[in-house]
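The values are calculated or read from the model by the stated rules, or taken from the named source; none is laboratory data. Note that this is a predicted model, so its numbers are computed, not measured. Backbone-built Cβ (ideal geometry, glycine too); neighbour counts: all protein chains shown. Ligands, DNA and RNA are stripped out before the accessible areas are found, and what is left, the full protein with its side chains, is counted by its heavy atoms. Shrake-Rupley method; radii C 1.70, N 1.55, O 1.52, S 1.80 Å.
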Amino acid sequence: MATPTSGAALSAEEKKEFDEYDSCLYGFLKFEDSEGNGKKSLLEKGVAYYENVLKDHIKSVNAESDRDNLPYLDPSIYCHLGHLNLLLEQFPKALSAYQKFYNLQTEHWKNAPFLYGLGLVYYHHNSLSWAIKSFQQVLYVDPGFKRANEIHIRLGLMFKANGNYSASSKHFRLALNDSSESSLSKLEIRLNIAHLLEVQGEFKQAKEAYEQFVAEEGLSKSVKATALRQLGWLYHTVESFGDKVSRETRAIQFLQRSLELDPNGQTSYLLGRCFSSSGKVHDAFVWYRHSIDKSEANADTWCSIGVLYQQQNQPMDALQAYICAVQLDKSHQAAWTDLGVLYESCNQPTDALTCYQRAARNSKVHANANLAAKIKFLHHNLKNIPMQHFQTKPKTLPNIEEAWRLPIPAELTSRQNSGGLTSQPCGILSTGGSVMPPSMAQTQGFNTDRMEEEKKSRKRPSSENMEIPTTPPQPGFMSREQLNLLQLLASQPNLTPQQQQALRQLQHQFTQQQQMKINNPQAVVRPGQPGHSTSPPSSQHNSPGSSGSPGKPRMPGQGQSGEQDQGQRLPGGVPLPLHGNLPPASNIPFNRGNGPVTPHRSAAALAATSANANASGITLPSAGPLHPTSISNTLPSDFIHNLRAANMSEQEISSLLSRPNITTSIAEDFITQFSRSKKAGDASQGALSMKPLTLSQSHIKNLLHSTSEGSGKMEQKDKQISAFNLQLSGKEIIDLSRGLGKNGFCLTNMLQDFGPPPSPAAPPSPPLPKDHLNPPTPSVYLESKRDAFSPELQQYCHSQPVVVIRGLAGALKLDLGLFSTKTLVEANSDHRVEVRAQKQQAPDENRDQLGKKVWKCESSRSHTSIAKYAQYQASSFQESLREEHDKARGQHKDSDSDSNSSTSSKKKKSKVIKFGTNVDLSDERKWRSQLHELTKLPAFTRVVSAGNLLSHVGHTILGMNTVQLYMKVPGSRTPGHQENNNFCSVNINIGPGDCEWFAVPDQYWGVIQSLCERHNINYLTGSWWPVLEDLYEEDVPVYRFIQKPGDLVWIGPGTVHWVQAVGWCNNIAWNVGPMTARQYQLALERYEWNKLQCYKSIVPMVHLSWNIARNISIVEPRMYELVKYVLLRSLRQIQMLIDFVEELGFEVKWQGRARDEAATYCDDCELEVFNILFVKEQDKKFVVHCQDCARKISPKLENFIVLNQYKLETLIEIYDNFVIHSSTPSASGSIC
């Protein structure tokens, strides 16, 4: 084999040092000093070495005549090459190398540093869904990963950006409790947690948290400035903090103090908002100018400037500002709405309608009914007005196409090229008429190199849907006429030689122009018109075009709510802000009155988004220039093939490749503050094009001995673990396990040893024909009690995904009246009821307020009593009777009471209904007669029975092994879901009305989970109502049926289902666990999937498995093996934990366990903790932690005590006595 090119060879010392570099160092290497420069040189030398080795090997492979005997390729080469490129911030090269490793290494998931590096690259490119998956896999395969806190920080930021605030809070708190080194200080993490309170509307708690920051001593200027700014904005927006004058005064004081500590464009913008709200127009304009000087490419600021001009009756200037806002951010819903208001006030309804439609199209979070009504009104009226009517009337403003060509106001851009500009979108968001807080700015210093790159790359974009302004061509740029000629010639089939020559010249010039735009963004500047000047707004100044009397705008609001630079979108199509700000919502209230626009309350601004929109938290400076090119321009030719091989869908590949080649994501600088400053590489550098190669053993010896410490440890442990099998006794398992956990290593996967992270199963193949996607629902009609208790019925239910048992109540003579609303009120009128306010819709569709079909279900939560809900239920029914009576008398009105078809729903006005859910009937003292009546049911459907796995948990799990009641009016919805841990479910309709059910077999849950992700909804925690057309398009079969009063619906294990009430009715439901291998395995698979998703499993599967071993005689071989393996792994884990504790010199203290005591969960990560408890006193309470969380808090377990609840001898005895039986299963007491 040829020696690598001279100069790229590595010395022995360099190879030894090389072993220490992997993705875990990302963000912690400093290249600024002399030592850092040496490290950088070593990394670059390593990359060059690998490249030369691969090039040399290409020659050897080509020279090899025996194609069946090619040298072996060690996949770890690509993994380490990915690490090196990641540390050098060569992200496209790193991604390509990681993809190669992914394809070549079948067990890539064992390499935690690889998964972490891959997640960092995805995170960098704003591919959040893939970054989340990679980071979750790291935590799953290696819970003690050394950079777990970095993962939690990023997951916290990403979940906050996605609006999943509970998950975001959980990860931030896990990072806060982690004592290891991280790129964010504990204060900065606390600041993010405080901001989570703010965006969720917990204003009082957020205010108290910010005040603690302000009062603390020794804070960095940036952290304190951020807290002051958020505090000031809270005073500006939250009316409950006092009267308006005092609130505005305090808000201005806090914002000014923030500017003294950290001058930035966002705080200047907010200060302008406060002055505008106080009526100080000139001061507001001055601070907007300051904001533009510091962050010129900010659509929010331009929108607010437009508001000021509009308030001062300067429509032409307002138009220019709004146009600037929507050109900077084409999806700025507030600016489009304000622009529509401006056009409407100037009697140009056609242009107003265009703007309103663009605003509605960009409503990414919440649809707005008022905006939809406005569009409908204009659309309807424009149809009835002749076009000549508008053509003869003089226009006050240029139409939207003409306005798009207007230059940016010269007065406001006079300092555009003076330097010091940073792109920092604002994100001041609002909901329901009250302004929401801004996204908090970063608390670290600015990177001057990156600021300079941003300054060069910033330009005013034009819309792809609008004409490009005709302006004099700049040197090296094509004129409009040349572009038109190029398009014309390119479209002609037959050209003369002269035309062909002209076409080649134009194509060459166009290519040069595109390259110039990439390499020299500063050359692309805004066109300006000499002589055009825009002055600060005043009541005396009127700009050209404002001589008419446009009248006052009719809708108050305010232009605000910054989003993101164009082009950045998640795989689900949801725009993602460049620096962490979320897109604005569309909940824009309209004032139907004709009063004047008050300061800073234009058509969209005071009301742009809900708390979702401001989820991103901290806005940060850019980590590099914003190139308008796609990252696909810098990737190797086989990159897309690698993505497909990684099971990325075509839509996800397209989404990833369509993003600009940005070098920052939600919080890139915030996350990498310890990394060196580095200008983004030129796109033309590209990435190493790596073809499939093989390396000889001689080359492998010259490379690293190991690319991953974590991977090596896992492979070593894998060999030791492989010795375990079911033939071993409990004592032998303990003996084999002894010593394995001394270094803290512990296996937590109860499904398999060193298996890959769980993932949704692929749907059955081949797909069903389209005419089989509406299968008939399995149904059983009972005529007698004997039919109900037949074993055939139980077997049939266990074999089907869903079964409707008709006539059950009549066959068993069940007294359903015990669960009627009247009886419930008489029994316990003050009993608590959870209420969900929902929009009434047809069962087969789910639309937002703009009429678009969506998956996301909207509802608000409150609580009441049974008596009060009964009054609502009765009044709703009486209202319906009155409507029916009026209809019979010919006094028909559009009914709001029911909605049974999509056709009728489009004609009827939707209304909000209240659904009484999760009424707990577990207390036998209150509900004795009701619970006793349910003992008449067949054993396999009872709440408590020997054959019900959930009866052996040993404690109460509300709603699972207890009964819950649901009180409904027509339209009440239970959104799509699988039951907790995939257990079966029993539901009985009490009546008097019907319910409509939709169900999908469990084999297709992965498809639905993917569709939820595509619609930016969390499958486990989100609220979703599937669009049937989407399911059919994905070849997913859907059972659809009506549940009559007295019918029992059996939901099989893992079946996905959603339900809507057709009439007024009550339902009762609970879960059951059949004693089958399929039920147990699906429950265990969901237990592990929940771990991966950091989601709490409310069924403690380890605790349940030990109770099964003690209580039940298993006759099914597969069921026996599954339970026995869980016991084996649990025993092994217990011994490994004991090894770790004893290695640190701790004594495991006996605690014992009370009867009926609930299973124990970690207070931080919410994983089940069995037997060995790590307990620490916090706030005068003793809190339980798992081993991994305890080690993150204190590696040496300082201030912890370790307890055990079961004697090891007892567990060994249970394990040894658990054998397979051939007789009928029996049950006894439970382990406690």
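A single entry from ALA251, ALA215 fulfils the requirement of being free of Cβ contacts under 8 Å to residues at least 60 places away in the same chain, open to solvent by 50 Å² or more (accessible area, probe 1.4 Å) and not β-branched (Val, Ile, Thr): ALA215.
Candidates LEU191, LEU196, LEU174, LEU270: the one that is over 26 Å from ASN298 (Cβ atoms), among the hydrophobic types (A, V, I, L, M, F, W, C), in a helix (DSSP H, G or I) and in contact (Cβ under 8 Å) with a residue 40 or more places away in the chain is LEU174.
Reported count of residues in region 333-351, each being closer than 18 Å to TRP404 by Cβ and either of a type in the set (Ser, Thr, Tyr) or over 36 Å from the mean Cα position of the chain (by Cα) (or both), is 5. LEU228 falls short of the stated requirement of being of a type in the set (A, V, I, L, M, F, W, C), under 29 Å from PHE145 (Cα atoms) and crowded, with 22+ Cβ neighbours inside 10 Å. Of all residues in region 92-119, those satisfying the criterion of being open to solvent by less than 10 Å² (accessible area, probe 1.4 Å) and either at positive phi or among the aromatic types (Phe, Trp, Tyr) (or both) are TYR98, PHE101, PHE114, TYR116. Kindly evaluate SER304 against the criterion of being more than 21 Å from GLU401 (Cα to Cα) and either out of contact with any Cys (no Cβ under 9 Å at 6 or more places or on another chain) or modelled with pLDDT of 90 or more (or both). Taking the combined requirement at face value, the residue satisfies it.
Of all the residues in region 232-244, those that are under 21 Å from SER304 (Cα atoms), of a type outside the set (Phe, Trp, Tyr) and free of Cβ contacts under 8 Å to residues at least 60 places away in the same chain number 2. Is it the case that some residue within region 1124-1140 is more than 24 Å from ALA167 (Cβ to Cβ), surrounded by fewer than 17 Cβ atoms within 10 Å (Cβ to Cβ) and among the aromatic types (Phe, Trp, Tyr)? For region 1124-1140, residues more than 24 Å from ALA167 (Cβ to Cβ), surrounded by fewer than 17 Cβ atoms within 10 Å (Cβ to Cβ) and among the aromatic types (Phe, Trp, Tyr): absent. Across region 359-371, the qualifying residues are those that are open to solvent by 20 Å² or more (accessible area, probe 1.4 Å) and either touching a Pro at 6+ places or on another chain (Cβ under 8 Å) or part of a helix (DSSP H, G or I) (or both), and the one among them that is modelled with the highest pLDDT is ARG361.
Among the residues of region 1194-1213, is any touching a residue at least 12 places away in the same chain (Cβ under 8 Å), among the charged types (D, E, K, R) and buried (at least 19 other Cβ atoms within 10 Å of the Cβ)? Checked against the condition, which is being touching a residue at least 12 places away in the same chain (Cβ under 8 Å), among the charged types (D, E, K, R) and buried (at least 19 other Cβ atoms within 10 Å of the Cβ), region 1194-1213 yields no hits at all.
Taking region 47-74 as the range and being among the polar types (S, T, N, Q) and open to solvent by 40 Å² or more (accessible area, probe 1.4 Å) as the test, the residues that pass are ASN62, SER65, ASN69.
Residues that are assigned to a helix (DSSP H, G or I) and either open to solvent by 10 Å² or more (accessible area, probe 1.4 Å) or farther than 16 Å from GLU344 by Cβ (or both) within region 310-322 comprise GLN310, GLN311, MET316, ASP317, GLN320, ALA321, listed in sequence order. Just one of the listed residues (ASP994, ASP1030) is open to solvent by 10 Å² or more (accessible area, probe 1.4 Å) and more than 22 Å from the chain's Cα centre (by Cα), namely ASP994.
In this structure, does LYS294 turn out to be open to solvent by 10 Å² or more (accessible area, probe 1.4 Å), of a type in the set (Lys, Arg) and under 25 Å from GLN230 (Cα atoms)? So LYS294 fits the description; yes.
Please indicate, with yes or no, whether at least one residue in region 48-58 is of a type in the set (Gly, Ala, Ser), closer than 28 Å to SER182 by Cα and modelled with pLDDT of 85 or more. No, region 48-58 contains no residue that is of a type in the set (Gly, Ala, Ser), closer than 28 Å to SER182 by Cα and modelled with pLDDT of 85 or more. Evaluation of ASN126 against the conditions (1) buried (at least 24 other Cβ atoms within 10 Å of the Cβ); (2) in a helix (DSSP H, G or I) shows that the sole unmet condition is (2). The number of residues in region 906-946 being not in a loop (DSSP other than H, G, I, E, B) and not small (Gly, Ala, Ser) comes to 20.
Filtered by the rule that a residue be over 15 Å from GLY117 (Cα atoms) and in contact with a Pro (Cβ under 8 Å, 6 or more places away or on another chain), region 130-165 gives TYR140, ALA161.
Taking into account only those residues within region 1161-1193 that are of a type in the set (Asp, Glu) and part of a loop (DSSP other than H, G, I, E, B), which is least open to solvent (accessible area, probe 1.4 Å)? Result: ASP1164. Selection of first residues in region 983-1003 that are over 21 Å from GLN841 (Cβ atoms) and of second residues that are among the charged types (D, E, K, R), restricted to Cβ pairs under 7 Å at least 6 apart or on distinct chains, gives the following pairs, ordered by first then second residue: SER985/GLU979. Test ALA167 against the stated conditions and say whether it is surrounded by 24 or more Cβ atoms within 10 Å (Cβ to Cβ) and hydrophobic (A, V, I, L, M, F, W, C). So ALA167 does not fit the description; no.
Screening the candidates SER1105, SER1010 for the property of being more than 25 Å from ASN989 (Cβ to Cβ) and open to solvent by 40 Å² or more (accessible area, probe 1.4 Å) yields one hit, SER1010.
Residue by residue, here is whether (1) open to solvent by less than 20 Å² (accessible area, probe 1.4 Å); (2) among the acidic types (Asp, Glu); (3) in contact (Cβ under 8 Å) with a residue 24 or more places away in the chain holds:
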{"site": "LEU84", "(1), (2), (3)": "yes, no, yes"}
{"site": "LEU88", "(1), (2), (3)": "yes, no, yes"}
{"site": "PHE135", "(1), (2), (3)": "yes, no, no"}
{"site": "LYS146", "(1), (2), (3)": "no, no, yes"}
{"site": "LYS160", "(1), (2), (3)": "yes, no, yes"}
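Scanning region 850-866 for residues that are open to solvent by less than 30 Å² (accessible area, probe 1.4 Å) and outside any loop (DSSP other than H, G, I, E, B) yields SER865, ILE866.
Looking only at residues of region 30-46 that are touching a Phe, Trp or Tyr at 6+ places or on another chain (Cβ under 8 Å) and touching a residue at least 60 places away in the same chain (Cβ under 8 Å), we find that the one that is least open to solvent (accessible area, probe 1.4 Å) is LYS40.
In region 374-408, the residue that is modelled with the highest pLDDT out of those that are hydrophobic (A, V, I, L, M, F, W, C) and either open to solvent by 100 Å² or more (accessible area, probe 1.4 Å) or not in a helix (DSSP H, G or I) (or both) is LEU397. Scanning region 1075-1092 for residues that are surrounded by fewer than 19 Cβ atoms within 10 Å (Cβ to Cβ) and either part of a loop (DSSP other than H, G, I, E, B) or aromatic (Phe, Trp, Tyr) (or both) returns a single hit, THR1076.
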